[in-house]
1. Long-range amide H contacts for residue 375: which residues qualify at under 5 Å (H placed 1.01 Å from N, peptide plane, sequence gap of 5 or more or a different chain)?
2. Excluding residues on the same chain fewer than 8 positions from residue 307, give the lysines whose Cα lies under 17 Å from its Cα.
3. What number comes out for the charge environment of residue 92, summing +1 per Lys or Arg and -1 per Asp or Glu over other residues with Cβ under 15 Å away?
4. Which of rounded, prolate or oblate describes segment 192-265 when judged by the alpha-carbon gyration tensor and an a/c cut-off of 1.5?
5. Rounded to a whole number of µm²/s, how large is the Stokes-Einstein D of segment 270-421 at 10 °C and 1.306 mPa s, given Rh as the Kirkwood radius over C-alpha pairs?
6. Can you spot the lysines whose alpha carbon is less than 26 Å from residue 384's alpha carbon? Ignore those fewer than 8 places along the same chain.
7. Grab the other residues whose beta carbon is less than 15 angstrom from that of residue 118, score K and R as +1, D and E as -1, and report the net.
8. Compute the projected area of the convex hull of the Cα atoms of segment 346-404, averaged over all viewing directions, and report it in nm² to one decimal place.
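Any read-out appearing in this document is the output of simple, stated calculations on the displayed coordinates, not a laboratory observation. Just so it is clear, the model here is predicted, and its values are computed rather than measured. Don't worry about glycine lacking a Cβ; one is built from the backbone with ideal geometry, like all the others, and counts go over all protein chains shown.
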Amino acid sequence: MHRPTSKILEQAARLPLRIRHEWLLLLMLTLLAGLASWQGVGWQGVVPAYLLLVLAVLARPHAAMAPQPLPEVEAGDATVDPLPLIGATLEAVDMPIFVVAADLAVLHQNRAAERAFGTLVLGAHLSARLRSPGILDMVRETVATGQPNQIEHSERLPSERVFILRVAAVDLGGAASDLGPLYVLSFRDVSELRRIERMRSDFVANASHELRTPLASLRGFIETLQGPARTDLAAHERFLGIMFDQATRMSRLVDDLLSLSRLELKSHIAPDQTIDLKPLIGHVTDTLQPLAEELGVDIRMHMPEGKVEVLGDRDELVQVFENLIENACKYGQEGKVVDVFVRNDPSQPVEVSVVDRGPGIPAEHVPRLTERFYRVSVADSRSKKGTGLGLAIVKHILTRHRARLIVKSDVGKGTAFTVRF
Ligand SMILES: Nc1ncnc2c1ncn2[C@@H]1O[C@H](COP(=O)(O)OP(=O)(O)OP(=O)(O)O)[C@@H](O)[C@H]1O
Ligand SMILES: [Mg+2]
């Protein structure tokens, strides 16, 4: 016969009562001493012997200090309840776990389960916490067949989380047979895994979309050149120019993607070259000068005295400032000036700010700027030959440099991108 759930719960809550052997021994010694002196042994003999024995008893290692033996679950030993032991063990597991009886009453809930689903009164039905009929049916099936089962379960509140919920029967056998089989429900949190999967598939979708657009345009022009414009030399000239641009765009995209994946591979290794930022930024500005002139933008440099040294990787830092200054010129074009401030104040971190007076970026876009392929205006970025990967690369490089990117933007006034080392 299995114990009813109420009985199990009562035993689960009960602390094992231990009789203190020391006190029993002391009582017996005192009786013996009394008996001896009554029998005529002089108190000079009894008292020292009594004191010695008392000391010996008290010097025994205290039961509470010695490691507690695990309760044994043996056939025929009905005095030990395995539930407290199971409960204590489950506390060490950092994954929500419920132990339920065959009638789905919750016998134990570990701390991780309390955190994930809130505290449950022991003995309450499982449905008080997990209302999904799918889960309850699954558990009932395991109760009926003894076979383990699993199901995917999502929680929306307090935040969206996805678990793989597994239920399996545990038959403790022997003395614990009166408990009947217990059922252990464990929740493996796969939210992070799902998020990464989603990001990966979004990324593949975005990357193929970005490549498909110039490819489709290339095919279109090739067909036109092979067909209707076969003999039109002026059209040849124009179309080949566009085709060249599209092919360049595709190879930039592939380069950027490769650059991102290379950065990801070495993100945990901090760079160790000592770099003077002043000549580096000067070089970047020089290479961007033709673009700035084409856009009618004046790049102004504001440098402190002396060297401004940081630990870094030269090529990667060139990529960072190239993208920030190029963005400021492209998207802040209408402000006409771009200021580059290099700050090396004592007891302050080294900072480089790229400030434009363009249209600014609405606040809701700012946190997402460093996502791959994220653009405030896709059409605008495409028309400026952007891939939407620039700031994602910047973010990766700065993470490897243990540096931060701070974006401050005022719509209608301009934007400041600051790198803080
Ligand atoms: N200074 C700026 N002012 C306004 N918008 C900006 C500025 N810098 C970036 N942005 C916005 O952020 C988006 C993402 O920039 P990012 O550098 O990642 O991509 P991109 O410039 O479009 O492409 P790529 O850098 O690969 O050429 C841009 O498309 C643009 O919408
Ligand atoms: Mg860019």
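1. Here the answer is none, since no amide H 5 or more places off falls under 5 Å of that of residue 375.
2. 278
3. Working: positive: 111, 115; negative: 91, 94, 114.
Around residue 92, the charge tally is -1.
4. Numbers: a/c = 6.44, a/b = 2.62, b/c = 2.46.
It comes out prolate by the Cα gyration axes.
5. Working: Rh = 15.6 Å.
Taking Rh from Cα pairs, D becomes 102 µm²/s.
6. By straight Cα distance, residue 384 reaches 330, 336, 395, 408, 413.
7. Values: positive: 111, 115, 129, 131, 156, 161; negative: 114, 155.
In short, +4.
8. Numbers: hull surface 21.3 nm².
Here the figure is 5.3 nm², rounded to one decimal.
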